[in-house]
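Each reported figure results from applying straightforward, stated rules to the coordinates on display, with no laboratory input. Nothing here was measured: the structure is a model prediction, and the numbers come from that model. Here the Cβ positions follow ideal geometry from the backbone for every residue, glycine too, while neighbour counts run over all protein chains shown.
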C-alpha cells in the first residue's frame, strides 16, 4: 500500500489507517484530511530551511517556499477577513505562547478559562507555562455549564488582567464576542480568541466570528478546519519595518506577533505543513465546506437529542457547535470506563471533566465526543440516530465483551460504507 522500505513503520501506519477506517472517530478535536493535504505534507517541501518571512529569509533558495507561504497567508486573510496572518506556528500551544510573548511580560496577570471547566491548559493552567511564567487567574462556567460572564466581569475588575484568553476544548455553546470585548475593556486588556475548535464553524458561517472584537485570534488548522496539524495567528494592523522598535499597541499587532514567532520563539517553519495549510484553506473557501460545517452542527444536535432521550445528562442540555460533553454520573459509570467500553466497540471518544466535577481529571465523571470526522465521511442525521443507539448500548453493557464485540462488527459494517477521504 505504501511501498516503504521500513516495514515496521509501514505496518504501523497501515494499522492506524485500518483502525480509523473501521471505526468511528468521535474525539471532537480530530478530523480526516483530504488526499491533497496529505500529498502536501509528504512533499519535498519538508527538506527546505526558510527561517524568516517571504522576501526576508536567512537562507537562499526560498523563491518557491516564499510563494507557498504567501498563498497560505493570503488565503487565511481572505477566509477570516483580517489584515494579517502568521501561518508559521508549529501547533496550537506554540501559537498561544507566541501571543503571551508578544503582548505581556512574565509575572503579568493573565486570565483564561479553567481547564476542568472546558478551557485549555495554555489559558493559564498552573502547571503549564501560562500559569508558571504569568500570574494566572481562572474563570469558570456556572452550575448550568454556560460560561459565567458575570464572574468574568467581576474578576477583571478585581484582578485587572492585561490579557484574557477566550476559547475552549470542551464547551458546547456559542461565545458572545461582543460581551467578551466589553468585559476585556473593563481593564483595557488584550482579548485573545482561541478558536482552535470552532475555526471551521466560523468560516462555515455557523458560529459568530471574533473578528472585530478580539485583538488577536489563534487557531489550530486541524480540528473543524480539516487541515494538517499546525496553527495560525490572525490580527488586524500593518506590519512595520523589521528593524524598527514598536510599542504594544493595536496597530502594531502584526509586527509584534511576527517577531514573537521569529526570532522570538521558533526557527525554520515547516514548509510542507504551510503548504498543507494553504490547501486546507483553499478547500475551506468552497460552498461545499459551508455545507459541511452546517452538517457538523446538525449531526451534533441530532446526536444530542437522541442521547438526551435515552437519559444522558448533557452539559448545558445540548450543543450549538460540534461537540457534546456528557456527565455520566446518573449512568453509574465514570468517563474512563465509558471511553474503554466505547473503544472496544469501535467508537473513539475521550474521558473528560465536567463543570464542578468531584472526580480527578484522570478519572473524571464525563466523556467528550463530536461529529467533525463522521461528517467528513459523509454521515448525516440518520447515521447519528444509529450511533446514539450504539453509544447507549456500549455504555449500558460496558462489561459485556460479547455485546461489545457484536457492536464492533456492526460499526465496521457501517464505517466501510463511508470511506475516509483518501480512500474515496
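Side notes on the structure shown:
- Among 262, 164, 277, the ranking by other beta carbons within 10 Å of each residue's beta carbon, starting with the fewest, stands as 262, 164, 277.
- Using the Cβ-Cβ distance between residue 6 and residue 91 with R0 = 25 Å, the FRET efficiency computed as 1/(1 + (r/R0)^6) comes to roughly 0.50.
- Cα centroid separation - region 110-158 against region 291-327, whole Å: 25 Å
- Using the Cβ-Cβ distance between residue 336 and residue 126 with R0 set to 25 Å, the FRET efficiency works out to roughly 0.60.
- Measuring nothing but how far apart in sequence close Cα pairs (under 8 Å, 6+ apart) lie, relative to its length, region 287-418 scores a relative contact order of 27 percent.
- Radius ratio Rg over Rh of the chain, counting only Cα atoms, Kirkwood formula for Rh: 0.97
- All-pairs Cα distance distribution in region 38-284, expressed in whole percent, bin size 5 Å: 1, 7, 14, 19, 20, 16, 12, 7, 3, 1, 0, 0
- Choice from 261, 395, 13 showing the highest fluctuation, given a GNM over the chain with Cα pairs closer than 10 Å: 13
- Region 346-399-region 210-279 distance, computed between alpha-carbon centres (Å): 33 Å
- Net length available on complete extension from residue 47 to residue 19 is 7.1 nm, with 0.36 nm assigned per residue and the Cα-Cα distance removed.
- Theoretical gain in end-to-end length, residue 178 to residue 58 [0.36 nm per residue, Cα-Cα removed]: 39.1 nm
- For the chain, the relative contact order comes to 22 percent (Cα pairs under 8 Å, sequence separation of at least 6).
- Semi-axis lengths, largest first, of the ellipsoid equivalent to region 303-424 are 23, 17, 13 Å, with √(5λ) applied to each eigenvalue of the Cα gyration tensor.
- Mean projected area in nm² (Cα convex hull; one quarter of hull surface) for region 1-151: 14.2 nm²
- Gaussian network model of the chain, Cα within-10 Å springs - most flexible of 407, 281, 186: 186
- Ordering of 225-237, 301-313, 100-112 by burial proxy (mean other Cβ atoms within 10 Å per residue, highest first): 225-237, 100-112, 301-313
- Spin-label model, residue 149 to residue 251: label points 7 Å out along the Cα-to-beta-carbon direction sit 3.1 nm apart.
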